[in-house]
Amino acid sequence: MKKTALVTGGAGFLGSHLCDALLRQGKSVLCLDDLSTGRMENIAHLAPESSFEFIRRDVTEPLGLGQFDIAEIYSLACPASPVHYQHNPVKTIRTNFIGTAQVLELATKINAKVLLASTSEVYGNPLCHPQREEYWGNVNPIGIRGCYDEGKRAAECLMMDYHRQKGLDIRIVRIFNTYGPRMAKNDGRVVSNFIVQALAGEDITIYGTGEQTRSFCFVSDLIAGILIAMESEQIGCLPVNIGNSAEERVLDLASTILRLTQSQAKIVFKPLPADDPQRRRPDISRAQTVLGWEPRIKLEQGLRETIKYFEEICLLRSDTT
Ligand code: UDP
């Protein structure tokens, strides 16, 4: 019997790409998602696969799953876009804490390996630049991003405590801004917003001055990093940054997307949301040296693929997601 990989949040943007990659590796995949931000259309192409199974479930509810021979768990369940995770912040922090605790209890019971999809948000509005894994971060615990930032920090803490106290084999990957096909049209994050706006000829909404920076990683690079981190023995159980270290101003991202889409849309400036980090760039030396991983896809190449996706798949459809 093939060992099963459980992917929580498997119908989401990253989760669905991860399910694809695990199936390509010849594994059986059990995809769990409550479809709060995940979408069936992301995994519809996997329905005919005999090694793929989908269960609609919230990770904060009892997981059950005793009938499956689960060898590894990828814990991705949680809305990741600020608009979505702030929509129901209580649910967000519960998903991160209770959901992770449930996954860890299950893993302990069946002796499975667990990988947590953590985030660059654990660094908050960072005072150290670029961000190394040793940096403890600068997070506002009572702000509107706290449900996600502190939720992920608590999830990391739980992971480390289950490792130290119960000997669980764990991996923590800190994911920096990732983009690519299967982002939802209403995702709310900067890359999808700008592309959708540019293609529709609507105003490009820059929050604040646009001087703030992010470092954008294409989804295929991110998934490769996750797979290598899960396999690697050398990484130990300490967190590793997975992201692209090419840092971009939001203003420059807008110009690039306008150029690539040949859009006449105009840029408008909107208020900067509270606690929006000013600068973000991963230091990926640990991933490079320990995992032998680094991103390959340059921003323009990744943006072209993402633009094509939104042109071909989303804008031709009548739905709004
Ligand atoms: N942003 C923007 N316009 C948008 C969406 C986002 O200017 O339509 C900015 C946002 O304020 C932030 C950056 O783009 O400074 C990245 O935001 P995103 O929501 O993609 O992810 P974050 O890194 O903040 O979690």
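Readers should treat all values here as calculations from the given coordinates under stated rules, not as data from a laboratory. These figures come from a predicted structure and were not determined experimentally. Here the Cβ is made from the backbone with ideal geometry for all residues, glycine too, and neighbour counts use every protein chain on show.
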Whole-Hz couplings from phi, Karplus 6.51/-1.76/1.60, listed for the stretch 242-253; x for Gly and Pro: 10, x, 9, 8, 6, 8, 10, 7, 4, 4, 5, 4
Average silhouette area of the chain, convex hull of alpha-carbon atoms, in square nanometres: 15.4
Treating the angle as unsigned and between 0 and 90°, give the value, to the nearest 10°, between the Cα long axis of helix 146-166 and the longest Cα principal axis of the chain. 30
For THR119, enumerate residues with amide H under 5 Å from its amide H, sequence gap 5+ or separate chain, H modeled in the peptide plane. ILE175
From the alpha carbon gyration tensor of the stretch 16-132, can you work out the equivalent ellipsoid semi-axes (sqrt of 5 times each eigenvalue) and give them in Å, largest to smallest? 25, 17, 16
Rg/Rh for the stretch 170-210: what does it come to with C-alpha atoms and Rh from Kirkwood? 1.10
Could you work out the percent of alpha carbon pairs in the stretch 125-236 separated by over 15 Å, rounded to a whole number? 77
In whole Hz and in residue order, list the ³J(HN,Hα) couplings for the stretch 9-16 that follow from phi through the Karplus curve 6.51 cos²θ - 1.76 cosθ + 1.60, θ = phi - 60°; x for Gly and Pro. x, x, 9, x, 4, 6, x, 5
Cα axis of helix 219-231 to longest principal axis of the chain: angle in degrees, 0 to 90, nearest 10? 20
Counting just the Cα atoms, what span does the stretch 232-321 cover along each of its three principal axes? Round to the nearest Å and put the largest first. 48, 32, 25
Computed lengthening from LEU127 to VAL290, 0.36 nm per intervening residue step minus Cα-Cα distance: 56.2 nm
Find the Rg to Rh ratio for the stretch 82-138, where Rh is the Kirkwood radius over alpha-carbon pairs and Rg uses the same atoms. 1.07
Tell me, ILE284, ILE70 in order of fewest to most beta-carbon neighbours within 10 Å? ILE70, ILE284
Ranking ILE204, ILE223 by Cβ neighbours within 10 Å, fewest first, what do you get? ILE223, ILE204
Treating only the Cβ of Lys, Arg, Asp and Glu as charged (+1, +1, -1, -1), what charge dipole size does the stretch 83-178 show about its Cα centre? Round to the nearest 20 debye. 200
extent check for the stretch 206-280: Cα max minus min per principal axis, descending, whole Å, gives 49, 30, 15
Considering only the chain, percent of DSSP beta bridges that pair antiparallel, nearest 5: 10
Residue order, fewest to most beta carbons within 10 Å, for ARG286, ARG280: ARG286, ARG280
Most fluctuating residue of ARG259, ARG153, ARG296 in a GNM of the chain with Cα springs under 10 Å: which is it? ARG259
At 7 Å along the Cα-to-beta-carbon direction for both LYS109 and ARG259, put a label point, then send me their distance in nm to one decimal. 5.5
Cα to Cα, under 26 Å, and not fewer than 8 places away if on the same chain: which lysines meet these conditions relative to LYS3? LYS27, LYS109, LYS113, LYS166
Mind giving me the FRET efficiency for ALA47 and GLN301? R0 is 25 Å, r the Cβ-Cβ distance, nearest 0.05 is fine. 0.25
Might you report the magnitude of the Cβ-based charge dipole of the stretch 173-321 about its Cα centre, with Lys and Arg at +1 and Asp and Glu at -1, to the nearest 20 debye? 140
Straight-line reach from LYS185: which aspartates and glutamates have a Cα under 18 Å away, not including same-chain ones fewer than 8 places off? GLU41, GLU202, ASP203, GLU305, GLU311, GLU312, ASP319
For the chain, take the longest principal axis of its alpha carbons; what is the angle in degrees between that and the long axis of helix 299-309, to the nearest 10 within 0 to 90? 90
Pick from ALA80, ALA47, ALA117: which residue has the top mean-square fluctuation in a GNM of the chain where Cα pairs under 10 Å get a spring? ALA47
Rounded to whole Hz and in sequence order, give me ³J(HN,Hα) for the stretch 125-130 from the Karplus expression 6.51 cos²θ - 1.76 cosθ + 1.60, θ = phi - 60°, writing x for Gly and Pro. 8, x, 9, 10, 9, x
Output the relative contact order of the stretch 31-140, whole-number percent, from Cα pairs under 8 angstrom with separation of 6+ residues. 24
Say we join alpha carbon atoms closer than 10 Å with springs in a Gaussian network model of the chain; which of GLN25, GLN131, GLN102 then has the biggest fluctuation? GLN25
